[in-house]
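First up is the structure itself, then whatever we jot down about it.
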Amino acid sequence: MTHYEQPGFVLWMTGLSGAGKTTIALILVDELKRRGLKVERLDGDVVRQSLTRDLGFSKEDRDKNIERVSFVAKLLSRNGVACICSFISPYQTVRDQVRKETTNFIEVYVDAPLEVVMERDVKGLYEKAIAGEIPNFTGISDPFEAPVNPEIHVHTDRQTPQESADMIVEYLEERGLIEVGVRELEN
């Protein structure tokens, strides 16, 4: 059996709250692990419970949050790990900085119109933000800068999560970051 040297990469999923970043990321983690790859998932909600719980949601704190995450993503990607990051990350300059610091950075715009993400919002966060109960809420009282030129642009109002994930996997195969159609390694 030949040893496959897995290249590391950072799949950076950006989009509004409720756009589908985490849902798609979970599908991707399952698919890449099924193919025998080393994968780690960094998710906004999870990271804020541990690595960045001391930070709020001001622009400065959001930038600091992404700075810490990009350090972890840099370590993982340069050591041959597929790092799937799901963060609103609303500012283009911050995403561009992550691109400069990580190995094989791929920006994925998980796009859904504001009306759609508001309909999906089971926690009522958008409603609270509109009522002024949540300050600095991206898409309502804080800006979201849509990616200027993402490598991948999925439209979750028109695609299923699986279709979006399949599109991302196809891109990874085309770029040579994962082998085409490789199945789970046999023991």
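The values are calculated or read from the model by the stated rules, or taken from the named source; none is laboratory data. This is a predicted model, so every value here is computed, not measured. With ideal geometry, Cβ positions are generated from the backbone for all residues, glycine too; neighbour counts draw on all protein chains shown.
Just wondering, is there one or more residues in region 85-98 that are in contact (Cβ under 8 Å) with a residue 24 or more places away in the chain, out of contact with any strand residue (DSSP E or B) (no Cβ under 7 Å at 6 or more places or on another chain), surrounded by fewer than 16 Cβ atoms within 10 Å (Cβ to Cβ) and hydroxyl-bearing (S, T, Y)? No, there is no match, as no residue in region 85-98 is in contact (Cβ under 8 Å) with a residue 24 or more places away in the chain, out of contact with any strand residue (DSSP E or B) (no Cβ under 7 Å at 6 or more places or on another chain), surrounded by fewer than 16 Cβ atoms within 10 Å (Cβ to Cβ) and hydroxyl-bearing (S, T, Y). Considering (1) of a type outside the set (F, W, Y); (2) under 19 Å from N136 (Cβ atoms); (3) modelled with pLDDT of 95 or more, the lone condition that D30 does not fulfil carries the number (2). Of the residues examined, E5 is one that is of a type in the set (D, E) and either surrounded by 19 or more Cβ atoms within 10 Å (Cβ to Cβ) or farther than 20 Å from V154 by Cβ (or both).
State yes or no: is G36 surrounded by 21 or more Cβ atoms within 10 Å (Cβ to Cβ) and not in a helix (DSSP H, G or I)? No: the conditions fail for G36.
Of the residues examined, L37 is one that is at pLDDT below 95, hydrophobic (A, V, I, L, M, F, W, C) and within 15 Å of A165 (Cβ to Cβ).
Within region 53-65, the presence of a residue that is at pLDDT 90 or above and of a type in the set (A, V, I, L, M) is excluded.
Before we move on, is E133 surrounded by fewer than 16 Cβ atoms within 10 Å (Cβ to Cβ), in a helix (DSSP H, G or I) and modelled with pLDDT of 90 or more? So E133 fails the test.
Applying the set (1) under 15 Å from the mean Cα position of the chain (by Cα); (2) charged (D, E, K, R); (3) more than 21 Å from A19 (Cα to Cα) to E101 leaves exactly one unmet item: (1).
Among the residues examined, L55 qualifies as assigned to a loop (DSSP other than H, G, I, E, B) and out of contact with any Ser or Thr (no Cβ under 9 Å at 6 or more places or on another chain). Only one of the numbered conditions (1) more than 21 Å from L11 (Cα to Cα); (2) assigned to a loop (DSSP other than H, G, I, E, B); (3) in contact with a Leu (Cβ under 9 Å, 6 or more places away or on another chain) is not met by V122, and that is (3).
The residues in region 4-32 that are out of contact with any strand residue (DSSP E or B) (no Cβ under 8 Å at 6 or more places or on another chain) and under 11 Å from I88 (Cβ atoms) can be counted, and the count is 1. Does region 148-179 hold any residues that are part of a loop (DSSP other than H, G, I, E, B) and modelled with pLDDT of 95 or more, and which are they? Result: P150, E151, T156, D157, R158, Q159, T160.
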